[in-house]
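Below: one structure, written as structure tokens.
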Amino acid sequence: MKGFFGIINLDNEPVLNSKELFLSNYPAVRNFLKLDSDRIFIIGMHPDFPIRRLEKFPDLTFAGWCRLDNLDLLQSELGLSNTSEESEVILHAFHTWGEDCVRHFIGDFSFVIWNQKNESLFLTKDQLGIRPLFYLTYKNLFFFATNITLIKKAVPEKLPLNEIFIAKELKYYPQEIEMTFFKDIHRLRPAHYLHFFHGNPIEENRYWDLEKIDLSFCKKDEDYLTLLRETLTESVKCRARGKKTIGSQLSGGMDSSAITVLLSRLIDKKELHTYSFVLDDFTKGFSDTGIDEKDTQEEIIKYAGLIRENHHQVRRFHYKDVFEELQKRNEVMGGLGADDAYWQDTLFKMAAEDQKAEVVFSGFPGDEGISEYGSQFFNEYIFEKNIPRLIQYVFEFRRGGLSRIRNYFRAKKAGMTVLDYPQIQEKRNLLKPDSELNHLITDTSFKFNPTYKGWLKHRICMADTSLRLESEASYANQYDLETVYPLADIRLLEIVYSLPVHLFKPKPYNRAVFRNVCKGILPDKVRLQKKYNGAYTLAFYDYLEKIKFEELKNYQAKNHTGMLINEDDFLKKTSESEKQERLIFRKEVDYIIDLNWPVGNEN
């Protein structure tokens, strides 16, 4: 797998024991190039991505997992040849700009630089947190790695669990981005770096935020759409650069379909493989709707002239049972993971092992950005007290417009946009009713935003978005495969965030910005399709839930933490639609806690 691991002593504590424990668990990397002294140990986890030093900067050591989409621009700015790789460019950038180097980078990256001259450590990750990076302070040692399991394997005992994190998962609350399943293991936040020197506190610093950019050169609506279309094409093109065999997730929705069509125009179609979750004759019988998106997938195959033999359907998971699945989730995520993307594992395995793909394109997070619904666009007019625009809005949307304006003020008063959500969450709640943690955590699922742009920024930058991006990257990484997200390109997101809000107006159709951008990219049958047609992204979800429920029927929850609600008590309050899914999750959480529970620490 790609990535890196390291240890630094904070107070003359030798790293030898932890280093040897780590290497005993990963013997395959023992002979890899490494930085190794009493003070610090750094190693890359893949033979093709070793640590890097340059003769010009002998005091600097780099380890990373990076793709820079503006590599050619950086090469030019730093006076480097066009054959310079990411590691060389990053070292030159760090030498030239110091910690501000990250402000110049566009792409997916996670890296560390050790400066021997002043004994400082610099760690950072990309703007949306696609590439993971975690750290732990343990007995005067500072551990850092691109995977939680790497850290766990270097510590001689099981680490204490994070009860706040577990409680939020049980209550179906969104997580704080820095929190993990372990009390003392922290996730470096997206768009942050950590640069510390011996004896100084360990503090994270933000280097990027989603802000409006100047689009005054666009004079009419079509100018904005043309700019978005060109940027979308570039975001696909730069992620395909240098790759031979490419995979693309093709759900049948607009986001993945547009990316697949653009790929078909940019690369040799013989090297393009598509992947879709579909129902078969057996799983269709378990589905409430029996609907998948084969028809729109077929429409894109014909429209783009794709090679039919290169379209691959996922009908089942490859796990023999739920327990094998949970073991894999514990390994990849390091324990219980928020927004765990385990359901992508089979697709990645197929792409890497059968088609030897190097990269898989995804349409996520389109709904959170460029293809956001737009139904709240009028919030901007209320906030700005733009009466003429509000009158125009009511004239266009009539009774529905008046109703939504009224709901805006109700939501403002309540502090949340979905007024009945607390009641919905209570029916899902798996946390023991008398647990004091019920009063220590809050639900921020639908926090009220007074402006549409505030809502849009929240959607793009919320923890859920980053956590899913990171999780998918981690599952793909175990197969030496990378996931890429053209719709998460910060150049595209900055343009979307800077658009005039009227472009989002959901009339004559919702998701107006992306539907209009896709003119000439998608056939109208796909471009103008309804967003919700009864199909799941994971088509055979109902079947999967059924077999999981049966396989877990005889599993008795151990409830080490004492946090789980009694199953009978849960059944008394839950809704029928939530019952099976949440009972499965209750046992899954318990099983993963058991895998990580310190021996002799039972309640």
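The values are calculated or read from the model by the stated rules, or taken from the named source; none is laboratory data. Everything numeric in this text was worked out from a predicted model, so none of it was measured. Quick reminder, even Gly has a Cβ in these numbers, built from the backbone with ideal geometry, and neighbours come from all protein chains shown.
Can you list the strands (runs of 3 or more DSSP E) found entirely within region 22-129 that contain at least 3 residues being in contact with a helix residue (DSSP H, G or I) (Cβ under 7 Å, 6 or more places away or on another chain) and at pLDDT 95 or above?
Output list reads 57-68.
In region 410-437, what count of residues is obtained for those that are part of a helix (DSSP H, G or I) and either free of Cβ contacts under 8 Å to residues at least 12 places away in the same chain or assigned by TED's automatic domain parsing to the domain that holds GLU567 (or both)?
Residues meeting the conditions: 5.
For every residue, the table says whether it meets (1) buried (at least 21 other Cβ atoms within 10 Å of the Cβ); (2) within 30 Å of the chain's Cα centre (by Cα).
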residue: ASP38; (1), (2): no, no
residue: MET45; (1), (2): yes, yes
residue: ASP59; (1), (2): no, no
residue: PHE62; (1), (2): yes, yes
residue: LEU73; (1), (2): no, yes
residue: ASN82; (1), (2): no, no
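Yes or no, residue by residue, for (1) of a type in the set (Val, Ile, Thr); (2) at pLDDT 95 or above; (3) in contact with a helix residue (DSSP H, G or I) (Cβ under 7 Å, 6 or more places away or on another chain); (4) buried (at least 24 other Cβ atoms within 10 Å of the Cβ):
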site: THR260; (1), (2), (3), (4): yes, yes, yes, yes
site: SER264; (1), (2), (3), (4): no, yes, yes, no
site: ASP268; (1), (2), (3), (4): no, yes, no, no
site: ASP288; (1), (2), (3), (4): no, no, yes, no
site: ILE291; (1), (2), (3), (4): yes, no, no, no
site: ILE300; (1), (2), (3), (4): yes, yes, yes, yes
site: ALA304; (1), (2), (3), (4): no, yes, yes, no
site: GLU309; (1), (2), (3), (4): no, yes, no, no
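With the requirement that a residue be crowded, with 17+ Cβ neighbours inside 10 Å and either closer than 19 Å to ASN70 by Cβ or at pLDDT below 95 (or both), what does region 227-243 give you?
LEU227, LEU228, THR231, LEU232, SER235, VAL236, CYS238, ARG239, ALA240, listed by residue number.
Of (1) out of contact with any Leu (no Cβ under 6 Å at 6 or more places or on another chain); (2) surrounded by 13 or more Cβ atoms within 10 Å (Cβ to Cβ); (3) farther than 30 Å from SER257 by Cβ, LEU431 satisfies all except one. Which?
The number of the failed condition is (1).
Being among the polar types (S, T, N, Q) and crowded, with 24+ Cβ neighbours inside 10 Å is the filter here, so list the residues in region 466-476 that pass it.
If the condition is that a residue be among the polar types (S, T, N, Q) and crowded, with 24+ Cβ neighbours inside 10 Å, then SER466, SER474 are the ones that fit.
Report, by residue number, each residue of region 172-205 that is touching a Ser or Thr at 6+ places or on another chain (Cβ under 8 Å), without any contact (Cβ under 8 Å) to a residue 60 or more places away in the chain and surrounded by fewer than 18 Cβ atoms within 10 Å (Cβ to Cβ).
Answer for region 172-205, where residues must be touching a Ser or Thr at 6+ places or on another chain (Cβ under 8 Å), without any contact (Cβ under 8 Å) to a residue 60 or more places away in the chain and surrounded by fewer than 18 Cβ atoms within 10 Å (Cβ to Cβ): just ASP184.
Select, from PHE317, PHE286, PHE282, the only residue that is within 23 Å of ALA352 (Cα to Cα) and aromatic (Phe, Trp, Tyr).
PHE317
Only one residue in ARG406, ARG399, ARG329 is among the charged types (D, E, K, R), modelled with pLDDT of 95 or more and under 28 Å from SER577 (Cα atoms), so which one is that?
Only one candidate qualifies: ARG329.
Quick test of your reading of the structure: LYS412 fulfils all but one of (1) basic (Lys, Arg); (2) in contact with a Pro (Cβ under 9 Å, 6 or more places away or on another chain); (3) surrounded by fewer than 15 Cβ atoms within 10 Å (Cβ to Cβ). Name the failing condition by number.
It is condition (3) that LYS412 fails.
Give the residue that is nearest to THR245 (Cα to Cα), with candidates limited to residues of region 371-407 that are of a type in the set (Ser, Thr, Tyr) and assigned to a loop (DSSP other than H, G, I, E, B).
That would be SER371.
(1) in contact with a His (Cβ under 8 Å, 6 or more places away or on another chain); (2) closer than 19 Å to HIS458 by Cα: which one isn't true of MET350, the others all being true?
(2)
Can you report the number of residues in region 345-370 which are more than 16 Å from LEU469 (Cβ to Cβ) and either out of contact with any Gly (no Cβ under 7 Å at 6 or more places or on another chain) or not in a helix (DSSP H, G or I) (or both)?
10
Sort out which residues of region 353-368 are surrounded by 20 or more Cβ atoms within 10 Å (Cβ to Cβ) and over 17 Å from ILE130 (Cα atoms), and write them in order of number.
Across region 353-368, the qualifying residue is only ALA357.
Of all residues in region 487-515, count the ones that are polar (S, T, N, Q) and not in a helix (DSSP H, G or I).
Adding up the residues that qualify gives 1.
Any chance you could count how many residues in region 156-182 are among the charged types (D, E, K, R) and under 24 Å from ARG582 (Cβ atoms)?
Counting residues in region 156-182 that are among the charged types (D, E, K, R) and under 24 Å from ARG582 (Cβ atoms) gives 5.
Out of region 411-446, which residues are under 20 Å from LYS573 (Cα atoms) and among the aliphatic types (A, V, I, L, M)?
Selection gives LEU419, ILE424, LEU430, LEU431, LEU437.
Within region 306-344, restricting attention to residues that are in a helix (DSSP H, G or I) and aliphatic (A, V, I, L, M), which residue is farthest from the chain's Cα centre (by Cα)?
Ranking the qualifying residues of region 306-344, first place goes to VAL322.
Scan region 218-226 and give yes if some residue there is surrounded by 14 or more Cβ atoms within 10 Å (Cβ to Cβ), in contact (Cβ under 8 Å) with a residue 60 or more places away in the chain, of a type outside the set (S, T, N, Q) and within 21 Å of ALA488 (Cβ to Cβ), otherwise no.
Yes, some residue in region 218-226 is surrounded by 14 or more Cβ atoms within 10 Å (Cβ to Cβ), in contact (Cβ under 8 Å) with a residue 60 or more places away in the chain, of a type outside the set (S, T, N, Q) and within 21 Å of ALA488 (Cβ to Cβ).
Check GLU472 against each of (1) charged (D, E, K, R); (2) over 30 Å from THR245 (Cα atoms); (3) in a helix (DSSP H, G or I) and name the one condition it does not meet.
Among (1) charged (D, E, K, R); (2) over 30 Å from THR245 (Cα atoms); (3) in a helix (DSSP H, G or I), the lone unmet condition for GLU472 is (2).
So THR289 clears everything in (1) β-branched (Val, Ile, Thr); (2) out of contact with any Gly (no Cβ under 7 Å at 6 or more places or on another chain); (3) more than 30 Å from ILE490 (Cβ to Cβ) except one condition, right? Which one?
Result: THR289 fails condition (2) only.
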